[in-house]
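S.K.: The structure is given below, and queries will be raised subsequently.
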Amino acid sequence: MPANYSGTWDIVDNENFEGYMVALGIDFATRKIAGMLKPQKIVEQDGDSFNIKTLTSFRNYTTSFKIGEEFEEITKGLDNKKCQTTVNWDNDKLVCVQKGEKKNRGWTHWMEGDTLYLRLKAAVHYTVGSLCQHIAADCEKQITKQTIAAIAETAFRQCDIFAKDLEAFARHAKRHTVTVDDVKLTARRTTALVG
């Protein structure tokens, strides 16, 4: 078993959660309420079986799954959509793919020390969509939803590759923290980033 996520986790910070909710089409009022909440996550893990409770003063959400087994999930309390969800291990990370009405959605959990991290995939889609809209307006062109989805998926995969490279470079240097040198090493083949 790669990692043990069992425990109670309190939110410390979130970044671009508003963008994630916009990408899912969550209404304004719910976004404002959700943005003020400080959820607590309780993870119960038995081998590859998980029960995750997200508790807030507004609404609670519970999901149960077994690694590698697809299940039907209704994202109750968020956007209330039906998804076919699968969670798998990627080394010590939990990677979730949700297939349904909204494309490019899912999440990744990982731990560093005593901190649990959560990356929500639809936020990438939202950011790419916003950039594409600005570029399309500047060029007086149209960009299809399928094109935006393809660019978002490519961006997400590239970010994942960069993250793995950064972790590998830091680990090779026997460090637990990524430094500027690791970023420079990762960007060495990207001429636009070399300065």
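The values are calculated or read from the model by the stated rules, or taken from the named source; none is laboratory data. As the structure is a computational prediction, the values presented were derived from the model and not from experiment. Please note: Cβ atoms are built from the backbone with ideal geometry, for glycine as well, and neighbour counts cover all protein chains shown. Accessible surface areas use protein heavy atoms only, side chains included; no ligands, DNA or RNA. Shrake-Rupley method; radii C 1.70, N 1.55, O 1.52, S 1.80 Å.
S.K.: Mind checking the dipole of the chain: about its Cα centre, +1 per Lys or Arg Cβ, -1 per Asp or Glu Cβ, Debye to the nearest 20?
M.R.: Values: 27 positive and 26 negative charges, 71 e Å.
In total the dipole reaches around 340 debye.
S.K.: Where only protein heavy atoms count, and the probe is 1.4 Å, what is the accessible area per residue for the chain in Å²? Intermediate values should be presented prior to the final figure.
M.R.: On the way: 12650 Å² over 195 residues.
Heavy-atom SASA per residue in the chain reads 65 Å².
S.K.: Could you tell me what a quarter of the Cα convex hull surface of region 1-80 works out to, in nm² with one decimal place?
M.R.: Seen from a random direction, the Cα hull of region 1-80 projects 6.0 nm² on average.
S.K.: So how do 26-33, 159-166 stack up, highest first, on mean other-Cβ count within 10 Å?
M.R.: Put in order of decreasing packing, that is 159-166, 26-33.
S.K.: Something else now. How big is the gap, in Å, between the Cα center of region 158-176 and the Cα center of region 28-77?
M.R.: Taking the Cα centre of each part, region 158-176 and region 28-77 sit 29 Å apart.
S.K.: Pick from Val178, Val97, Val43 the residue whose mean-square fluctuation is largest in a GNM of the chain, springs joining Cα atoms under 10 Å.
M.R.: So, out of Val178, Val97, Val43, the one fluctuating most is Val178.
S.K.: May I ask which residue of Thr62, Ile26, Ser49 lies farthest towards the positive end of the charge dipole of region 24-64, with charges of +1 (Lys, Arg) and -1 (Asp, Glu) on Cβ and the Cα centre as origin?
M.R.: After comparing all options, I get Ile26.
S.K.: Report the dimensions of region 123-173 along its three principal axes from the alpha-carbon atoms, largest first, rounded to Å.
M.R.: 48, 19, 15
S.K.: Which value in deg cm²/dmol, rounded to the nearest 500, describes the helix-derived mean residue ellipticity at 222 nm for the chain, given -39,500 (n - 2.57) per DSSP H run of n ≥ 4 and division by the residue count?
M.R.: Calculated at 222 nm, the ellipticity per residue is -11500 deg cm²/dmol.
S.K.: DSSP loop GluC sites (Glu not before Pro) in region 42-139 with at most 16 other Cβ atoms within 10 Å of their Cβ, which ones? It would help to have the intermediate numbers written out before the result.
M.R.: Working: sites: Glu44, Glu69, Glu70, Glu72, Glu73, Glu101, Glu112; in loops: Glu69, Glu70, Glu101.
Of the GluC sites (Glu not before Pro), the ones in loops of region 42-139 whose Cβ has at most 16 other Cβ atoms within 10 Å are Glu69, Glu70, Glu101.
S.K.: Evaluate Rg over Rh across region 63-122, taking Cα atoms for both radii and Kirkwood's formula for Rh.
M.R.: Working: Rg = 11.8 Å, Rh = 12.1 Å.
We get a ratio of 0.98 for region 63-122.
S.K.: When the chain is modelled as a GNM with alpha-carbon springs shorter than 10 Å, which of Asp182, Asp92, Asp79 fluctuates the most?
M.R.: Asp182
S.K.: Separate question: Could you check the simple spin-label distance between Cys159 and Trp89, using points 7 Å along Cα→Cβ, in nm with one decimal?
M.R.: Computed distance between label sites Cys159 and Trp89 equals 2.6 nm.
S.K.: Additional query: To check my understanding: the extent here is largest minus smallest coordinate of the Cα atoms along each principal axis. What are those three numbers for the chain, in Å, largest first?
M.R.: If we take the Cα atoms of the chain, the spans are 46, 46, 32 Å.
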